[in-house]
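Dumping the structure here so I can ask a few things about it.
Bear in mind these aren't lab numbers, they're just calculated from the coordinates by the rules spelled out. Everything numeric here is computed off the predicted structure, so don't read it as measured data. No Cβ is skipped: glycine too gets one built from the backbone with ideal geometry, and neighbour counts run over all protein chains shown.
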Amino acid sequence: MKILIACYSWKGHTRTVAQALAKKLNASCTDIEPQGGMSPVSGGIKALFGMKGKIRSVGSDIKEFDHLVIATPVWSHNIPPYTRQYLSEITNTSGKKFSVLVEMGGSGAGRVVAIVRKMMEAKGMEFVASAVTLEKDVDANQFDTVLTEFAEKIQSSQKNH
Ligand SMILES: Cc1cc2nc3c(=O)[nH]c(=O)nc-3n(C[C@H](O)[C@H](O)[C@H](O)COP(=O)(O)O)c2cc1C
């Protein structure tokens, strides 16, 4: 099974968790990068209203992969505009599996998982699992249990097919 982890991270927490997951799953990682800098104030407002933000071109064709993991922080109880742009761009999604890794300060992860699910399921993808990490646990390097459980769900979803 070939797994791609697509990650947006501003301060690095989401990237730390995404990279640790990539090691466990032997997955490829791609960074979603804003184009032309990013301001947390306007980014937070755009997130709140469900708007997109320009990103640099990342390989948005996932034809080589069987499973996509979206790794994203919670912004304004929503997804950052850059994550939303990436999700709207990806192609060759139909029939593929996806999972969601959410990083946050303290609240909004459930809503973020629901938003990502709705967008990806509309593109014909099949939801497998989600996991949530907290900023303070990432700072304390205490997220391995959550991540191990998440990685196992992703691996066993492939064995079932
Ligand atoms: C614009 C903005 C809005 C945020 N909104 C929320 C929120 O609604 N709920 C929450 O729990 N954390 C919120 N956070 C905190 C981030 O989710 C948290 O700091 C996370 O660790 C950031 O991940 P990163 O280091 O990969 O950028 C927000 C952060 C920013 C910059």
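Once the piece of chain linking Thr148 and Glu33 is laid out straight, how much longer is it, given 0.36 nm per residue of separation minus the C-alpha distance between them?
Contour length minus the Cα-Cα distance gives 38.7 nm.
Please identify, among Glu135, Glu64, Glu121, the residue showing maximal mean-square fluctuation in a Gaussian network model of the chain using a 10 angstrom Cα cutoff.
Result for the chain, Cα springs under 10 Å: Glu64 fluctuates most.
Same structure, new question: Test of understanding: in a Gaussian network model of the chain with alpha carbons linked when under 10 Å, which of Ala114, Ala18, Ala151 would top the mean-square fluctuation ranking?
Between Ala114, Ala18, Ala151, it is Ala114 that shows the largest mean-square fluctuation.
Shifting gears a bit: Can you pull the one-decimal nm distance between simple spin-label points at Ala140 and Lys63, each 7 Å off the Cα toward Cβ?
Distance between label points: 4.7 nm.
Using +1 on the beta carbon of Lys and Arg, -1 on that of Asp and Glu, and nothing else charged, what's the dipole of the range 3-159 about the Cα centre, debye to 20?
Details: 19 positive and 15 negative charges, 79 e Å.
The calculation lands at about 380 debye.
Okay, next question. Once you have a ≥ b ≥ c as the square roots of the Cα gyration tensor eigenvalues for the chain, tell me rounded if a/c is under 1.5, and otherwise prolate or oblate according to whether a/b is larger than b/c.
Oblate is the answer for the chain, as a/c is 1.5 or above yet b/c matches or exceeds a/b.
While we're looking at this one, here's another question. For Val41, put the label point 7 Å out on the Cα→Cβ axis and report which residues of the range 56-91 keep their amide N under 16 Å from it.
Correct set: none at all.
Right, next: Only helical DSSP H runs with n ≥ 4 go in: add -39500 (n - 2.57) per run for the chain, normalise by residue count and round the 222 nm mean residue ellipticity to 500 deg cm²/dmol.
-12000 deg cm²/dmol
Choose one of Val102, Pro40, Val138: the residue whose Cα lies farthest towards the positive end of the charge dipole of the chain (beta-carbon charges +1 Lys, Arg; -1 Asp, Glu; about the Cα centre).
About the Cα centre, the residue reaching furthest to the positive side is Pro40.
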